[in-house]
Amino acid sequence: MPPSPAIGASSTAIDLLPLAAELQRAALDAPDRPFLRMRTGQWTYGQVWRDAGRVAAGLQALGVVAGDRVSLLLPNGIAFLLAWCALARLGAVAAPLNTAFRGTVLRDALDLVQSRLVVVDASLWPQFEPLRPELATVRQAVLVGTLPQHAHPPEAVVAWDLLRATGASA
């Protein structure tokens, strides 16, 4: 197997890492072929490539660049897949977190990874939000889903749908 291309090795094109390159190839070869089937829906290779591109552009607009670590506090699902593929397209590092982590265990995991951004599901927001002031490197969060009416996300939190829309217009 040939070595993986270096990030940023070419000044004229973005070198894709293996995951992103394989997804792009599959999206070009068979865009309508099913990639993911879940109870909530089905996504084709073409849809995942397009939507991951939108998420990547939105993350890039937030300042995520190749080599950045981004934690994913997400359950299994389409948002997790899109975030993972988007980060691969950017050359950033996806750092999935165990959704059962709470309190100091979650804080220590986030500090160990040194993520600058966390993508967090609304259902997991209550375990993440209290830790935000204690986190050394996390500067922003992307919220997937909607918080209960009485909870309002603070500044430096971007809604997933807005992130995707930002990427769609980029």
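Applying the condition of being open to solvent by 40 Å² or more (accessible area, probe 1.4 Å) and within 24 Å of ALA86 (Cβ to Cβ) to region 141-156 and asking which residue is modelled with the highest pLDDT yields GLY145. Note on region 16-44: residues that are free of Cβ contacts under 8 Å to residues at least 60 places away in the same chain and part of a helix (DSSP H, G or I) total 9.
Evaluate region 85-96: report whether one residue or more is open to solvent by less than 20 Å² (accessible area, probe 1.4 Å) and over 11 Å from the mean Cα position of the chain (by Cα). Checked region 85-96: at least one residue is open to solvent by less than 20 Å² (accessible area, probe 1.4 Å) and over 11 Å from the mean Cα position of the chain (by Cα).
Residues of region 45-84 that are over 25 Å from ALA100 (Cα atoms), touching a residue at least 40 places away in the same chain (Cβ under 8 Å), of a type in the set (A, V, I, L, M) and not in a helix (DSSP H, G or I): LEU62, VAL64, ALA66.
Screening ARG107 on (1) in a helix (DSSP H, G or I); (2) surrounded by fewer than 18 Cβ atoms within 10 Å (Cβ to Cβ) shows it passes everything except condition (2). Residues of region 87-100 that are in contact with an Asp or Glu (Cβ under 9 Å, 6 or more places away or on another chain) and under 19 Å from LEU124 (Cβ atoms): LEU87, THR99.
Taking region 117-140, which residues are part of a loop (DSSP other than H, G, I, E, B) and surrounded by fewer than 18 Cβ atoms within 10 Å (Cβ to Cβ)? Once the filter is applied, which keeps residues that are part of a loop (DSSP other than H, G, I, E, B) and surrounded by fewer than 18 Cβ atoms within 10 Å (Cβ to Cβ), region 117-140 yields ALA136, THR137, ARG139.
The values are calculated or read from the model by the stated rules, or taken from the named source; none is laboratory data. A quick note: this is a predicted structure, and the numbers were derived from the prediction, not measured. Every residue, glycine as well, gets a Cβ built from its backbone with ideal geometry; the counts of neighbours run over all protein chains shown. These area figures cover heavy atoms from the full protein model, side chains too; ligands, DNA and RNA do not enter into them. Shrake-Rupley method; radii C 1.70, N 1.55, O 1.52, S 1.80 Å.
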